[in-house]
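Comments concern the structure below.
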Amino acid sequence: MNRSEEPGIVIIGLGPAGLMALEGIRDHDPDVPVTIVSGEPHYAYFRPRLSHLLGSEIAPERIAVKPPAWYGDRRAEVLLGRMARAIDAERREVVLDDDARLPARAIVLACGSRPFMPPLPGLDREGVFALRTAADAQAITRACRRAREVCVVGAGPLGLEAAWALAKLDLTVHLLEHGPRLLGKILDEQASQMLSDIVARAGIKLHLAASSESVTARGVRLASGEEIPGEVVLFSTGVRPNLDLAESAAIRVNRGVVVDSMMRTSQPWIHAAGDVAEFAGAPGGTWPVAMAQGKVAGANAAGAIADNALIEYKAVPPSYTLMVMGTRIFTIGDVQDQAGATAVVSEDAARGIRRKLVLSGGRLVGGLLFGDLAKFDKVRDGIERRIELPEAGPVPAPDYDQIMDMLIGALAPAQ
C-alpha cells in the first residue's frame, strides 16, 4: 500500500460520521495523513435509501453520498473492502484483517451498527433477512423473485420503505408493527392514522400490536397464535452498535462507546461518532446526529495534533426527514399532545397534509410536517437554536401561518 510512514489519523467506517470526520480533520489540518478503513467494497452511500433499490439491479453508486474524486481532493487514502480487526492501544495501531498494521496518532471510530435480530426460534430458516448493506439488498431481491408473499417485521422508516418497494413487485406484503400505531415515537396520533391509510391504499396488509413469537416454515407466528405468511421474512427491528473494536482497546462501553462532549472515548486519542457512540446516555441513530458528531470528532482528532483547538458537540433534538411510501415527512422534538404545551395545527385532509407546531411558553419544542415540507429548515433551526417567540394570548390564538411568520422573523439576522 502506498502510504506515508508518518502516523496519521485513521477513520474506521465510511458512513455519515466517517465522511464528516474527514471534513472536520481537513478544516483544522490540511496535511496530516488520513486513512479510511471501510468493510464494504463501495464508497459511502445513503444507507436509508437502500430500500429504494429492492427489486432492481443494485448499484450503490446510484445512492452515493460523494463521488470518488471527493476523497482524493481531501487527500484521504480509502481502503475499501478491508476490515479493522482490532485496535492495539499500547502500540497505537489499527490491526487489519490481513494482520497489516496502521500506526495512528488518533483514531475516529465511525464503525456504525449492525441489524438487531430478535432472538426468535427459526431465524436460521432460509429466506430470513435484515437490510443493512447493498449486499443484503441484492440477496433480498433475488429471494423475492421466487416468492409470492413477504413478511416485514418492524414498521420503522426502513421497514415501511421496504414494504412499499416490495409491494410494487406484485408481492403480497404483510407489515408487522409491535406498537399500537405507526411511528408512534415521532408522529402524533392523527399523523399515524394518515400513514396507516397510505399503507392500506398501497395494498400492504398492516398488523398492529403484533408481537412475533417465532419464525416458521411458512412465515411468522405471533404471540396471539396467528401465523403471518411469508416465504421471505425481512426483519427491520432496529440496530445495535458495533462494539468489538472498542472492546479490543479496553475502551469504556455501555449501550454504545461512551464519549464526552469532544467525542473522546476513555482513551482520549480515540474518538467515536455516529451509531457506535453514546453521548450523555443516548445513542446516535440518526443521520444529522452522525454528521454533527463526526465533524466534531474529526476536528478534535486533528486539533489534538495541530493546535489543541478542541470543539464541543452540542446535542440537539433528533430530527427525521423521511420519504415514506411517496409521502415526505419531517419531524423534530416532541410532537405529542401534552399538558402545559400549545399545539398549533394546519391540516388539508384532501391533500394528505398535516402541519403541527408545539410550543412550551414562547419556545418551539416540536414540529411535524406531513406531506408538505415547506419551511422545514425554519422549524428545525427554531428548535435547535431555542428561539423564543412572543407567548400566545388566549384570544385570538395565532394560527400556523402566524407562528411561522413570527419564527422566520426571529430567525432573521439583525439589520
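The values are calculated or read from the model by the stated rules, or taken from the named source; none is laboratory data. Model, not experiment: these values are computed from the prediction. Cβ coordinates were reconstructed from backbone atoms using ideal geometry, including for glycine residues, and neighbour counts include every protein chain displayed.
Taking the numbered list (1) touching a helix residue (DSSP H, G or I) at 6+ places or on another chain (Cβ under 9 Å); (2) exposed (fewer than 15 other Cβ atoms within 10 Å of the Cβ); (3) charged (D, E, K, R) in turn, Arg105 passes all entries but (2). Taking Tyr43 as meeting all but one of (1) within 30 Å of Val232 (Cα to Cα); (2) surrounded by 16 or more Cβ atoms within 10 Å (Cβ to Cβ); (3) in contact (Cβ under 8 Å) with a residue 60 or more places away in the chain, write down the number of the exception. Every condition holds for Tyr43 apart from (3). Determine which single condition Arg201 fails, assuming it passes every other condition in (1) in contact with a strand residue (DSSP E or B) (Cβ under 8 Å, 6 or more places away or on another chain); (2) without any contact (Cβ under 8 Å) to a residue 24 or more places away in the chain. Evaluating Arg201 over (1) in contact with a strand residue (DSSP E or B) (Cβ under 8 Å, 6 or more places away or on another chain); (2) without any contact (Cβ under 8 Å) to a residue 24 or more places away in the chain leaves (1) as the failure. Checking each residue in region 269-299 for being within 12 Å of the chain's Cα centre (by Cα) and polar (S, T, N, Q) picks out only Thr286.
Scanning region 200-216 for residues that are touching a Lys or Arg at 6+ places or on another chain (Cβ under 7 Å) and hydrophobic (A, V, I, L, M, F, W, C), we see that the one that is surrounded by the most Cβ atoms within 10 Å (Cβ to Cβ) is Val215.
Restricting the first residue to region 220-241 and requiring it to be free of Cβ contacts under 8 Å to residues at least 12 places away in the same chain and over 12 Å from Pro118 (Cα atoms), which pairs with a second residue that is assigned to a strand (DSSP E or B) and of a type in the set (Val, Ile, Thr) meet a Cβ separation below 9 Å and a spacing of at least six or different chains? Filtered contacts from region 220-241: Arg221/Val215; Arg221/Ile228; Glu227/Val220. Just the residues that are farther than 29 Å from Leu208 by Cβ and at pLDDT 95 or above, please, taken from region 113-155. Within region 113-155, no residue meets the criteria. The strands (runs of 3 or more DSSP E) found wholly in region 184-232 and carrying at least 1 residues that are under 17 Å from Gly154 (Cβ atoms) and of a type in the set (S, T, N, Q) occupy 212-215.
Sort out which residues of region 315-342 are of a type outside the set (D, E, K, R) and free of Cβ contacts under 8 Å to residues at least 40 places away in the same chain, and write them in order of number. Within region 315-342, Ala315, Pro318, Gln338, Ala339, Gly340, Ala341 meet the criteria. Restricting the search to region 300-352, which residues are modelled with pLDDT of 90 or more, closer than 30 Å to Ile107 by Cα, not in a loop (DSSP other than H, G, I, E, B) and not hydrophobic (A, V, I, L, M, F, W, C)? Residue satisfying the conditions is Asn300 alone.
Check whether at least one residue in region 306-315 is of a type in the set (Val, Ile, Thr) and either in the same structural domain as Ala21 (by TED's automatic domain parsing) or over 23 Å from Arg92 (Cβ atoms) (or both), and report yes or no. Within region 306-315 (the criterion being of a type in the set (Val, Ile, Thr) and either in the same structural domain as Ala21 (by TED's automatic domain parsing) or over 23 Å from Arg92 (Cβ atoms) (or both)), the answer is no, since none of the residues qualifies.
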